[in-house]
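Everything below concerns the one structure shown next.
The values are calculated or read from the model by the stated rules, or taken from the named source; none is laboratory data. Only a predicted model underlies this, so the values are computations on that prediction, with no experimental measurement involved. Quick reminder, even Gly has a Cβ in these numbers, built from the backbone with ideal geometry, and neighbours come from all protein chains shown.
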Amino acid sequence: MNLILQGGRLFDPASGRDETGDLVIQEDKIRDLGPGIAAAGPGVLDCRGLIVCPGFIDLHVHLREPGQEYKETIESGTRAAAAGGFTAVCAMPNTHPVNDGAGATAYLIQRAKEIGAARVYPVGAITQGSRGEALAAIGAMRRAGAVALSDDGRPVMNGQILRRAMEYAARFGLPIVEHAEDLNLSAGGVMHEGAAALRLGLRGISAESEAAMVARDILLAERCGARLHIAHLSTAASVRLIAAAKARGVPVTAEVTPHHLTLTDEDIRDYDANFKMNPPLRAAADREAVIAALADGTIDAVATDHAPHAPHEKAQEFSRAPFGVIGLETALPLVLRLVAAGRLTLRRALDALTARPAQVFNLPGGRLEPGAIADVTVFAPQESWVCDPARGFSKSRNTPFAGQTLAGRVRHTIVAGRVVYSAS
(Lines give C-alpha, C1' and ligand atoms only; values in the text may rest on other atoms or scores of the structure.)
Protein backbone atom coordinates (compact mmCIF):
# COMPACT_ATOMS: atom_id res chain seq x y z
CA MET A 1 0.00 0.00 0.00
CA ASN A 2 1.25 3.50 -0.89
CA LEU A 3 1.05 6.59 1.27
CA ILE A 4 1.61 10.04 -0.17
CA LEU A 5 2.62 13.01 1.97
CA GLN A 6 1.70 15.90 -0.24
CA GLY A 7 2.92 19.48 -0.36
CA GLY A 8 4.97 19.57 2.86
CA ARG A 9 8.30 21.16 3.63
CA LEU A 10 10.66 18.22 3.18
CA PHE A 11 13.39 18.77 5.74
CA ASP A 12 16.26 16.30 6.08
CA PRO A 13 19.11 17.53 8.29
CA ALA A 14 21.43 14.71 7.21
CA SER A 15 21.43 15.69 3.54
CA GLY A 16 20.57 19.37 3.86
CA ARG A 17 17.36 18.90 1.89
CA ASP A 18 14.88 21.70 2.52
CA GLU A 19 12.24 22.07 -0.18
CA THR A 20 8.51 21.94 -0.68
CA GLY A 21 7.35 18.73 -2.26
CA ASP A 22 5.83 15.29 -1.91
CA LEU A 23 7.02 12.11 -0.25
CA VAL A 24 5.86 8.71 -1.50
CA ILE A 25 5.96 5.68 0.78
CA GLN A 26 5.64 2.18 -0.61
CA GLU A 27 5.08 -0.48 2.03
CA ASP A 28 7.75 0.23 4.68
CA LYS A 29 10.21 2.27 2.60
CA ILE A 30 10.44 5.74 1.12
CA ARG A 31 10.06 5.30 -2.63
CA ASP A 32 10.59 8.86 -3.80
CA LEU A 33 10.48 12.47 -2.68
CA GLY A 34 10.76 15.91 -4.19
CA PRO A 35 8.77 18.70 -5.82
CA GLY A 36 5.69 17.76 -7.83
CA ILE A 37 6.17 14.00 -7.98
CA ALA A 38 2.75 12.88 -6.70
CA ALA A 39 -0.17 15.08 -7.64
CA ALA A 40 -2.86 12.68 -6.46
CA GLY A 41 -3.53 9.13 -5.39
CA PRO A 42 -4.92 6.92 -2.65
CA GLY A 43 -3.72 7.35 0.91
CA VAL A 44 -2.90 11.05 0.62
CA LEU A 45 -1.97 13.19 3.66
CA ASP A 46 -2.22 16.91 3.05
CA CYS A 47 1.01 18.32 4.50
CA ARG A 48 0.82 21.87 3.17
CA GLY A 49 2.26 24.28 5.72
CA LEU A 50 3.79 21.41 7.71
CA ILE A 51 7.36 20.17 8.14
CA VAL A 52 8.02 16.59 7.00
CA CYS A 53 11.21 15.20 8.53
CA PRO A 54 12.77 11.89 9.59
CA GLY A 55 11.13 10.27 12.60
CA PHE A 56 12.54 11.38 15.94
CA ILE A 57 14.76 8.92 17.83
CA ASP A 58 15.00 9.07 21.64
CA LEU A 59 18.13 7.52 23.13
CA HIS A 60 16.87 7.55 26.72
CA VAL A 61 13.40 6.43 27.78
CA HIS A 62 12.00 4.53 30.78
CA LEU A 63 9.07 2.32 29.79
CA ARG A 64 8.79 0.68 33.26
CA GLU A 65 7.66 -2.69 31.84
CA PRO A 66 8.14 -5.26 33.23
CA GLY A 67 7.58 -4.66 36.92
CA GLN A 68 6.18 -1.15 37.26
CA GLU A 69 3.28 -1.13 34.83
CA TYR A 70 1.30 1.17 37.11
CA LYS A 71 3.69 3.96 36.02
CA GLU A 72 4.04 3.13 32.32
CA THR A 73 3.87 0.24 29.89
CA ILE A 74 5.40 -0.44 26.52
CA GLU A 75 2.01 0.27 25.00
CA SER A 76 1.35 3.58 26.80
CA GLY A 77 4.95 4.73 26.56
CA THR A 78 5.23 4.13 22.83
CA ARG A 79 1.86 5.82 22.27
CA ALA A 80 3.24 8.85 24.10
CA ALA A 81 6.36 8.60 21.95
CA ALA A 82 4.32 8.56 18.75
CA ALA A 83 2.28 11.56 19.92
CA GLY A 84 5.56 13.41 20.43
CA GLY A 85 6.85 12.50 16.97
CA PHE A 86 9.22 9.75 18.12
CA THR A 87 9.30 6.73 15.85
CA ALA A 88 11.93 4.92 17.93
CA VAL A 89 12.92 4.89 21.60
CA CYS A 90 15.77 3.24 23.49
CA ALA A 91 14.44 1.54 26.62
CA MET A 92 16.66 1.78 29.67
CA PRO A 93 17.20 -1.40 31.71
CA ASN A 94 15.99 -0.32 35.17
CA THR A 95 12.90 -2.51 35.06
CA HIS A 96 11.93 -5.23 37.53
CA PRO A 97 13.70 -7.51 36.87
CA VAL A 98 16.57 -5.51 35.41
CA ASN A 99 17.31 -6.15 31.75
CA ASP A 100 20.66 -7.84 32.31
CA GLY A 101 20.28 -10.90 30.06
CA ALA A 102 19.14 -12.16 26.69
CA GLY A 103 15.68 -13.17 27.94
CA ALA A 104 14.69 -9.72 29.14
CA THR A 105 16.10 -8.10 26.01
CA ALA A 106 14.17 -10.47 23.75
CA TYR A 107 10.98 -9.90 25.77
CA LEU A 108 11.12 -6.14 25.24
CA ILE A 109 11.64 -6.51 21.51
CA GLN A 110 8.83 -9.04 21.08
CA ARG A 111 6.41 -7.15 23.32
CA ALA A 112 7.05 -3.93 21.40
CA LYS A 113 6.39 -5.69 18.09
CA GLU A 114 3.06 -6.94 19.44
CA ILE A 115 1.67 -3.78 21.03
CA GLY A 116 4.10 -0.88 20.52
CA ALA A 117 3.31 2.24 18.51
CA ALA A 118 7.04 2.95 17.99
CA ARG A 119 10.20 0.93 17.56
CA VAL A 120 11.79 -0.10 20.86
CA TYR A 121 15.53 -0.70 21.11
CA PRO A 122 16.58 -2.24 24.44
CA VAL A 123 19.56 -0.93 26.38
CA GLY A 124 21.06 -3.74 28.45
CA ALA A 125 22.53 -3.39 31.92
CA ILE A 126 26.29 -3.12 32.38
CA THR A 127 26.29 -5.17 35.57
CA GLN A 128 24.09 -7.89 36.98
CA GLY A 129 21.01 -6.31 38.51
CA SER A 130 22.67 -2.92 37.87
CA ARG A 131 24.34 -3.42 41.24
CA GLY A 132 27.83 -2.53 39.99
CA GLU A 133 29.40 -5.75 41.25
CA ALA A 134 29.68 -8.21 38.35
CA LEU A 135 29.32 -7.82 34.60
CA ALA A 136 26.00 -8.70 32.98
CA ALA A 137 25.73 -11.08 30.02
CA ILE A 138 26.96 -8.52 27.50
CA GLY A 139 27.46 -10.82 24.53
CA ALA A 140 24.11 -12.56 25.01
CA MET A 141 22.26 -9.25 25.24
CA ARG A 142 24.00 -8.01 22.09
CA ARG A 143 22.96 -11.11 20.18
CA ALA A 144 19.39 -10.72 21.48
CA GLY A 145 19.19 -7.16 20.18
CA ALA A 146 20.57 -4.73 22.80
CA VAL A 147 21.91 -1.56 21.19
CA ALA A 148 23.85 -0.14 24.16
CA LEU A 149 24.80 -0.84 27.77
CA SER A 150 23.96 1.20 30.86
CA ASP A 151 23.26 0.85 34.56
CA ASP A 152 21.17 3.98 34.05
CA GLY A 153 20.51 5.85 37.31
CA ARG A 154 23.13 3.78 39.08
CA PRO A 155 26.59 4.90 37.93
CA VAL A 156 29.27 2.21 37.91
CA MET A 157 31.28 3.51 40.85
CA ASN A 158 33.94 0.78 40.64
CA GLY A 159 36.35 1.96 37.96
CA GLN A 160 37.88 -1.47 37.44
CA ILE A 161 34.49 -3.00 36.68
CA LEU A 162 33.66 -0.20 34.27
CA ARG A 163 37.01 -0.67 32.54
CA ARG A 164 36.29 -4.36 32.02
CA ALA A 165 32.82 -3.52 30.76
CA MET A 166 34.29 -1.08 28.27
CA GLU A 167 36.74 -3.70 27.03
CA TYR A 168 33.90 -6.17 26.43
CA ALA A 169 31.62 -3.52 24.94
CA ALA A 170 34.32 -2.47 22.49
CA ARG A 171 34.51 -6.04 21.20
CA PHE A 172 30.78 -6.11 20.54
CA GLY A 173 30.58 -2.59 19.13
CA LEU A 174 28.25 -1.37 21.88
CA PRO A 175 28.37 2.11 23.43
CA ILE A 176 28.56 2.42 27.19
CA VAL A 177 25.95 4.89 28.45
CA GLU A 178 26.91 6.45 31.76
CA HIS A 179 24.80 8.30 34.28
CA ALA A 180 27.70 10.47 35.40
CA GLU A 181 27.39 11.00 39.14
CA ASP A 182 29.89 10.51 41.92
CA LEU A 183 27.56 9.16 44.59
CA ASN A 184 29.93 10.15 47.35
CA LEU A 185 29.81 13.79 46.28
CA SER A 186 26.06 13.86 45.67
CA ALA A 187 24.90 11.70 48.60
CA GLY A 188 21.62 12.94 50.02
CA GLY A 189 21.22 15.78 47.54
CA VAL A 190 17.84 16.48 45.95
CA MET A 191 18.47 19.57 43.77
CA HIS A 192 21.37 21.58 42.38
CA GLU A 193 23.81 22.92 44.96
CA GLY A 194 23.42 26.68 44.81
CA ALA A 195 21.57 29.72 46.09
CA ALA A 196 18.14 28.28 45.24
CA ALA A 197 18.82 25.18 47.35
CA LEU A 198 19.92 27.36 50.25
CA ARG A 199 16.74 29.42 50.06
CA LEU A 200 14.58 26.30 49.97
CA GLY A 201 16.55 24.58 52.72
CA LEU A 202 17.22 21.53 50.52
CA ARG A 203 20.45 19.57 50.26
CA GLY A 204 22.32 20.18 47.03
CA ILE A 205 23.95 18.05 44.35
CA SER A 206 27.15 19.72 43.18
CA ALA A 207 28.10 20.20 39.55
CA GLU A 208 31.40 18.51 40.42
CA SER A 209 29.62 15.25 41.21
CA GLU A 210 28.77 14.99 37.51
CA ALA A 211 31.97 16.40 36.04
CA ALA A 212 34.24 14.18 38.16
CA MET A 213 32.62 11.05 36.73
CA VAL A 214 32.63 12.41 33.19
CA ALA A 215 36.39 12.94 33.54
CA ARG A 216 36.96 9.42 34.88
CA ASP A 217 34.81 7.80 32.22
CA ILE A 218 36.53 9.67 29.41
CA LEU A 219 39.93 8.50 30.64
CA LEU A 220 38.75 4.89 30.74
CA ALA A 221 37.14 5.09 27.31
CA GLU A 222 40.34 6.56 25.90
CA ARG A 223 42.35 3.74 27.43
CA CYS A 224 40.01 0.99 26.21
CA GLY A 225 39.04 2.40 22.84
CA ALA A 226 35.39 2.11 23.88
CA ARG A 227 32.47 4.22 22.70
CA LEU A 228 31.26 6.30 25.64
CA HIS A 229 27.94 8.13 25.70
CA ILE A 230 27.21 10.53 28.56
CA ALA A 231 23.53 10.59 29.46
CA HIS A 232 21.63 13.81 30.28
CA LEU A 233 24.67 16.06 30.47
CA SER A 234 23.86 19.10 32.60
CA THR A 235 26.89 21.18 33.61
CA ALA A 236 29.31 23.63 32.03
CA ALA A 237 32.26 21.70 33.50
CA SER A 238 31.08 18.51 31.79
CA VAL A 239 30.73 20.37 28.49
CA ARG A 240 34.36 21.47 28.69
CA LEU A 241 35.50 17.91 29.35
CA ILE A 242 33.48 16.51 26.43
CA ALA A 243 34.78 19.19 24.07
CA ALA A 244 38.40 18.51 25.04
CA ALA A 245 37.95 14.74 24.67
CA LYS A 246 36.39 15.09 21.24
CA ALA A 247 39.20 17.41 20.17
CA ARG A 248 41.76 14.70 20.88
CA GLY A 249 39.73 11.98 19.17
CA VAL A 250 38.14 10.11 22.07
CA PRO A 251 34.98 8.31 20.86
CA VAL A 252 32.66 10.11 23.27
CA THR A 253 29.16 11.44 22.63
CA ALA A 254 26.59 13.13 24.83
CA GLU A 255 22.90 13.93 25.11
CA VAL A 256 20.94 16.71 26.79
CA THR A 257 17.31 16.77 27.90
CA PRO A 258 14.70 19.37 26.93
CA HIS A 259 14.22 20.29 30.59
CA HIS A 260 17.90 21.07 31.10
CA LEU A 261 17.77 23.23 27.97
CA THR A 262 14.78 25.27 29.14
CA LEU A 263 14.73 25.37 32.97
CA THR A 264 17.10 26.18 35.83
CA ASP A 265 17.10 25.59 39.58
CA GLU A 266 15.56 29.05 40.00
CA ASP A 267 12.36 27.73 38.37
CA ILE A 268 11.65 25.43 41.33
CA ARG A 269 8.75 26.89 43.28
CA ASP A 270 6.65 25.70 46.19
CA TYR A 271 8.67 22.49 46.57
CA ASP A 272 6.94 21.05 43.48
CA ALA A 273 8.43 17.57 43.00
CA ASN A 274 7.58 17.70 39.29
CA PHE A 275 10.74 19.81 39.06
CA LYS A 276 12.83 17.11 40.73
CA MET A 277 15.04 15.08 38.40
CA ASN A 278 18.53 13.62 38.35
CA PRO A 279 20.72 15.29 37.27
CA PRO A 280 18.90 18.23 38.80
CA LEU A 281 18.00 21.48 37.11
CA ARG A 282 21.24 23.44 37.16
CA ALA A 283 22.29 27.09 37.35
CA ALA A 284 21.67 29.54 34.53
CA ALA A 285 25.34 29.40 33.49
CA ASP A 286 25.10 25.64 33.10
CA ARG A 287 21.95 25.99 31.00
CA GLU A 288 23.71 28.50 28.74
CA ALA A 289 26.65 26.13 28.36
CA VAL A 290 24.57 23.13 27.34
CA ILE A 291 22.57 25.21 24.84
CA ALA A 292 25.80 26.44 23.23
CA ALA A 293 27.22 22.91 23.23
CA LEU A 294 24.12 21.55 21.53
CA ALA A 295 24.30 24.32 18.94
CA ASP A 296 27.94 23.64 18.05
CA GLY A 297 27.66 19.85 18.14
CA THR A 298 29.68 19.21 21.29
CA ILE A 299 26.46 17.68 22.63
CA ASP A 300 25.22 15.32 19.96
CA ALA A 301 21.58 14.56 20.69
CA VAL A 302 18.45 15.61 22.52
CA ALA A 303 17.01 12.77 24.63
CA THR A 304 14.03 13.05 26.94
CA ASP A 305 14.99 10.81 29.88
CA HIS A 306 11.22 10.16 30.00
CA ALA A 307 10.78 8.95 33.59
CA PRO A 308 7.14 8.35 34.55
CA HIS A 309 6.04 8.14 38.18
CA ALA A 310 2.58 7.72 39.67
CA PRO A 311 0.86 10.82 41.09
CA HIS A 312 1.00 9.56 44.68
CA GLU A 313 4.76 9.14 44.41
CA LYS A 314 5.36 12.68 43.21
CA ALA A 315 2.86 14.06 45.76
CA GLN A 316 5.34 13.37 48.58
CA GLU A 317 7.52 16.10 50.07
CA PHE A 318 10.32 17.17 47.73
CA SER A 319 13.11 15.37 49.57
CA ARG A 320 11.22 12.05 49.55
CA ALA A 321 9.69 12.10 46.06
CA PRO A 322 11.42 10.10 43.31
CA PHE A 323 13.60 11.78 40.71
CA GLY A 324 12.27 12.07 37.16
CA VAL A 325 9.87 13.77 34.77
CA ILE A 326 8.02 12.69 31.65
CA GLY A 327 9.09 14.28 28.37
CA LEU A 328 8.09 12.45 25.20
CA GLU A 329 5.10 14.61 24.32
CA THR A 330 6.72 17.99 25.11
CA ALA A 331 10.20 17.53 23.62
CA LEU A 332 9.54 19.05 20.20
CA PRO A 333 8.02 22.37 21.32
CA LEU A 334 10.69 22.82 24.00
CA VAL A 335 13.47 22.39 21.45
CA LEU A 336 11.64 24.71 19.05
CA ARG A 337 11.70 27.39 21.78
CA LEU A 338 15.45 27.58 21.25
CA VAL A 339 14.96 27.83 17.50
CA ALA A 340 12.46 30.67 17.94
CA ALA A 341 14.92 32.42 20.27
CA GLY A 342 17.72 32.15 17.70
CA ARG A 343 19.81 29.83 19.87
CA LEU A 344 19.56 26.83 17.53
CA THR A 345 19.06 26.54 13.81
CA LEU A 346 16.14 24.39 12.75
CA ARG A 347 18.57 22.08 10.99
CA ARG A 348 20.65 21.51 14.14
CA ALA A 349 17.56 21.09 16.31
CA LEU A 350 16.11 18.38 14.06
CA ASP A 351 19.51 16.79 13.50
CA ALA A 352 19.76 16.32 17.29
CA LEU A 353 16.42 14.49 17.22
CA THR A 354 16.95 12.39 14.07
CA ALA A 355 20.19 11.72 12.22
CA ARG A 356 22.62 12.20 15.09
CA PRO A 357 20.89 9.85 17.56
CA ALA A 358 20.75 7.22 14.81
CA GLN A 359 24.50 7.58 14.32
CA VAL A 360 25.33 7.54 18.04
CA PHE A 361 23.70 4.13 18.63
CA ASN A 362 24.05 2.89 15.03
CA LEU A 363 20.28 2.65 14.53
CA PRO A 364 18.18 2.57 11.37
CA GLY A 365 16.40 5.75 10.36
CA GLY A 366 17.26 9.40 10.70
CA ARG A 367 17.15 10.22 6.97
CA LEU A 368 14.68 11.10 4.23
CA GLU A 369 15.90 9.46 1.05
CA PRO A 370 14.70 6.83 -1.44
CA GLY A 371 15.12 3.35 0.03
CA ALA A 372 15.25 4.54 3.63
CA ILE A 373 12.87 3.11 6.22
CA ALA A 374 9.59 5.02 6.19
CA ASP A 375 9.80 6.45 9.71
CA VAL A 376 8.55 10.01 9.30
CA THR A 377 7.36 12.84 11.53
CA VAL A 378 5.06 15.62 10.31
CA PHE A 379 4.59 18.68 12.50
CA ALA A 380 3.22 22.22 12.56
CA PRO A 381 6.12 24.32 13.87
CA GLN A 382 4.05 27.26 15.12
CA GLU A 383 0.81 25.62 16.22
CA SER A 384 0.12 26.42 19.87
CA TRP A 385 -1.35 24.08 22.46
CA VAL A 386 -1.63 23.97 26.22
CA CYS A 387 0.23 21.21 28.04
CA ASP A 388 -2.38 19.23 29.96
CA PRO A 389 -0.77 16.02 31.22
CA ALA A 390 -4.19 14.52 31.96
CA ARG A 391 -4.84 14.48 28.22
CA GLY A 392 -1.52 12.89 27.32
CA PHE A 393 -0.86 9.28 26.39
CA SER A 394 1.58 8.51 29.19
CA LYS A 395 0.10 6.81 32.25
CA SER A 396 1.94 9.33 34.43
CA ARG A 397 1.53 13.09 34.77
CA ASN A 398 4.82 14.27 36.28
CA THR A 399 5.82 17.21 34.09
CA PRO A 400 7.05 20.66 35.12
CA PHE A 401 5.41 22.15 32.00
CA ALA A 402 1.77 21.54 32.95
CA GLY A 403 -0.40 24.51 32.05
CA GLN A 404 2.17 26.12 29.78
CA THR A 405 1.35 27.16 26.23
CA LEU A 406 3.75 25.42 23.87
CA ALA A 407 4.39 26.08 20.17
CA GLY A 408 5.00 23.15 17.82
CA ARG A 409 2.60 20.26 17.45
CA VAL A 410 3.02 16.85 15.88
CA ARG A 411 0.34 16.18 13.30
CA HIS A 412 1.31 12.72 12.03
CA THR A 413 3.81 10.05 13.05
CA ILE A 414 4.57 7.24 10.61
CA VAL A 415 6.47 4.05 11.50
CA ALA A 416 7.45 1.60 8.75
CA GLY A 417 4.96 3.24 6.40
CA ARG A 418 2.06 2.98 8.87
CA VAL A 419 0.41 6.03 10.43
CA VAL A 420 0.62 5.36 14.18
CA TYR A 421 -0.51 8.79 15.34
CA SER A 422 -2.55 11.65 13.90
CA ALA A 423 -3.56 14.70 15.90
CA SER A 424 -7.30 15.05 16.39
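Here are some notes:
- Ala245 surrounded by 23 or more Cβ atoms within 10 Å (Cβ to Cβ), assigned by TED's automatic domain parsing to the domain that holds His62, assigned to a helix (DSSP H, G or I) and at negative phi: yes
- Being crowded, with 17+ Cβ neighbours inside 10 Å, of a type outside the set (Val, Ile, Thr), more than 27 Å from Arg356 (Cα to Cα) and modelled with pLDDT of 95 or more is a description that does not apply to Ala125.
- The range 164-196, residues that are among the aliphatic types (A, V, I, L, M), assigned to a helix (DSSP H, G or I) and either under 19 Å from Met92 (Cβ atoms) or outside the structural domain of Asp267 (by TED's automatic domain parsing) (or both): Ala165, Met166, Ala169, Leu183
- No other residue among Ala88, Ala81, Ala140, Ala148 is among the aliphatic types (A, V, I, L, M) and over 16 Å from Pro357 (Cβ atoms) apart from Ala140.
- Filter result (under 21 Å from the mean Cα position of the chain (by Cα) and either touching a residue at least 60 places away in the same chain (Cβ under 8 Å) or closer than 25 Å to Arg119 by Cα (or both)) within the range 146-168: Ala146, Val147, Ala148, Leu149, Ser150, Asp151, Asp152, Gly153, Arg154
- First in the range 1-24 and part of a strand (DSSP E or B), second anywhere and of a type in the set (S, T, N, Q) and surrounded by 19 or more Cβ atoms within 10 Å (Cβ to Cβ), Cβ under 9 Å, 6 or more apart: Asp12/Thr354; Gly21/Gln6; Asp22/Gln6; Leu23/Gln6
- Residue ID - farthest from Val123 (Cα to Cα), chosen from residues in the range 345-366 that are among the charged types (D, E, K, R) and surrounded by fewer than 21 Cβ atoms within 10 Å (Cβ to Cβ): Arg347
- Pairs meeting the criteria (first residue in the range 381-392 and outside the structural domain of Lys71 (by TED's automatic domain parsing), second residue surrounded by fewer than 18 Cβ atoms within 10 Å (Cβ to Cβ) and part of a strand (DSSP E or B), beta carbons under 8 Å, at least 6 apart or on different chains) are Pro381/Ala407; Gln382/Ala407; Glu383/Ala407; Ser384/Thr405; Ser384/Ala407; Trp385/Thr405; Val386/Thr405; Cys387/Thr405.
- If you check Val250, Val239 for being outside any helix (DSSP H, G or I) and touching a helix residue (DSSP H, G or I) at 6+ places or on another chain (Cβ under 8 Å), only one passes: Val250.
- Single condition Val61 does not satisfy, out of (1) over 11 Å from Val120 (Cβ atoms); (2) in contact with a His (Cβ under 6 Å, 6 or more places away or on another chain): (1)
- Residues in the range 117-138 that are in contact with a strand residue (DSSP E or B) (Cβ under 9 Å, 6 or more places away or on another chain) and part of a loop (DSSP other than H, G, I, E, B): 8 in all.
- The one condition in (1) in contact with a strand residue (DSSP E or B) (Cβ under 8 Å, 6 or more places away or on another chain); (2) in a loop (DSSP other than H, G, I, E, B); (3) within 30 Å of Gly85 (Cα to Cα) that Gly153 fails to fulfil: (1)
- Subset of the range 117-161 [of a type in the set (Val, Ile, Thr) and farther than 21 Å from Val360 by Cβ]: Thr127, Ile161
- Of note, Arg269 satisfies the criterion of being under 30 Å from Ala315 (Cβ atoms), without any contact (Cβ under 8 Å) to a residue 12 or more places away in the chain, out of contact with any Pro (no Cβ under 7 Å at 6 or more places or on another chain) and assigned to a loop (DSSP other than H, G, I, E, B).
- Failed criterion for Ala331 (all others in (1) without any contact (Cβ under 8 Å) to a residue 24 or more places away in the chain; (2) buried (at least 21 other Cβ atoms within 10 Å of the Cβ) hold): (1)
- If you check Ile161, Ile109 for being over 30 Å from Ala416 (Cβ atoms), assigned by TED's automatic domain parsing to the domain that holds Leu219, among the β-branched types (Val, Ile, Thr) and assigned to a helix (DSSP H, G or I), only one passes: Ile161.
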